[in-house]
Amino acid sequence: MGLVDIETAARLLRAGEVVAIPTETVYGLAANALDEAAVRRVFALKGRPADHPLILHARDPRPWAHFDARAERLAVYWPGPLTLVLPRRAVPDVVTGGRDTVAVRVPGHPVALDLLDHLDFPLAAPSANRFGQVSPTTAAHVLQAFAVPVLDGGACGVGVESTIVDLSRPQPSILRPGAIDADAVCLALGEELAPASDTPAPGTLPSHYAPRARVVLVDHAPPDSVALRRRAPADYARALYAELRALDVQGPEVIYAERCEPVGVGVAVNDRLERAAYSVRPPSTSTTRPVK
Ligand code: AMP
Ligand code: MG
């Protein structure tokens, strides 16, 4: 299956099929979040372990999660690249991995919003890549990995996955950095966040987003090396996954990745680079070792 229009995408989703959809962060593999068999198809396609919960995407997530005053404050960033973990309402166990919390988001992509307007159910959607591999930011990336119908929305504007904020505990915390940075979260909440290390997100693995080549994090890549070179944080985020893919196709043994300035979405870029660089493979004889 290749590219489909929005009516076809909506019809297939209503029939319990999986459709790849654009969001402003990365492309997602979407299914009707209320249809257990459809959601299971997403896990099977991705090769994703069943205990890695999915994010529920909706025009208005309030019917699916218990919103308190904090959640309402952070909802100012919707539609946008922010996911909230909240106590769940009636959501199938397959979406939440059986947890008593659910992760919800209103995506900020016009095509995704248009699609949701065609549907009377929310979409469960993880990134449209095989488990552990680099996330897709174009329809072509999705089609390289999956024979699924794809709704094309162009290249993703943000380029890295949403910020995840856990509001299910006494003190809010960031489970995954994204384009809505810690300062923006604190500003809207009017309170401090718990340290990130106290609360790892379920399914957050040290190794992720990994190309075939070994990724080595550096401040300055050697001249003439195969490298991701530094640029402004938002530009780096937008280009990150497409460039990792393009460099990997050249078949290098090593891709050098220059750290991003850790401001705004730059914190998320460095987080993804560290996971791409994390390796359980034994160090080779070269002098450069993978950075944890
Ligand atoms: P992905 O859709 O691949 O970007 O990953 C979604 C991530 O959201 C998961 O790997 C979890 O880290 C996080 N997540 C989803 N649901 C929950 C939840 N109920 N509680 C905590 N984290 C969640
Ligand atoms: Mg993912």
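Taken together, the values in this text are just the output of simple stated rules run on the coordinates, not laboratory data. Everything numeric in this text was worked out from a predicted model, so none of it was measured. Cβ atoms come from the backbone with ideal geometry, glycine included; neighbour counts cover every protein chain shown.
Things to note:
- Within region 166-181, residues that are free of Cβ contacts under 8 Å to residues at least 40 places away in the same chain have Cβ atoms under 8 Å from residues that are within 16 Å of ligand 2 (Cβ to nearest atom) in these pairs: ILE174/THR163; ILE174/ILE164, counting only partners at least 6 apart in sequence or on another chain.
- Scanning region 107-118 for residues that are crowded, with 20+ Cβ neighbours inside 10 Å and either among the aliphatic types (A, V, I, L, M) or away from ligand 2 (no atom under 16 Å from the Cβ) (or both) yields GLY108, HIS109, ALA112, LEU115, LEU116.
- VAL104 vs. criteria free of Cβ contacts under 8 Å to residues at least 60 places away in the same chain, within 14 Å of ligand 1 (Cβ to nearest atom) and assigned to a loop (DSSP other than H, G, I, E, B): no
- Index of the failed condition, VAL185 passing every other in (1) closer than 24 Å to TRP78 by Cα; (2) within 16 Å of ligand 2 (Cβ to nearest atom); (3) not hydroxyl-bearing (Ser, Thr, Tyr): (2)
- Long-range neighbours under 8 Å by Cβ, at least six apart or interchain, first residue more than 9 Å from GLU24 (Cα to Cα) within region 150-163, second polar (S, T, N, Q) and more than 16 Å from ligand 1 (Cβ to nearest atom): GLY154/THR138
- Members of region 146-180 found to be basic (Lys, Arg) and within 15 Å of ligand 2 (Cβ to nearest atom), listed by number: ARG176
- Taken over region 55-73, the criterion of being within 15 Å of ligand 1 (Cβ to nearest atom) and either exposed (fewer than 14 other Cβ atoms within 10 Å of the Cβ) or over 15 Å from ALA90 (Cα atoms) (or both) is satisfied by ALA71 alone.
- Close pairs (8 angstrom Cβ cut-off, 6 or more residues apart or separate chains): among the hydrophobic types (A, V, I, L, M, F, W, C) in region 128-139, within 11 Å of ligand 1 (Cβ to nearest atom) and not in a loop (DSSP other than H, G, I, E, B) anywhere: ALA128/GLY28; ALA128/LEU29; PHE131/LYS46
- Selection of strands (runs of 3 or more DSSP E) fully inside region 1-74 by the criterion of at least 3 residues being under 21 Å from SER135 (Cβ atoms) and within 16 Å of ligand 2 (Cβ to nearest atom) returns 28-32, 55-57.
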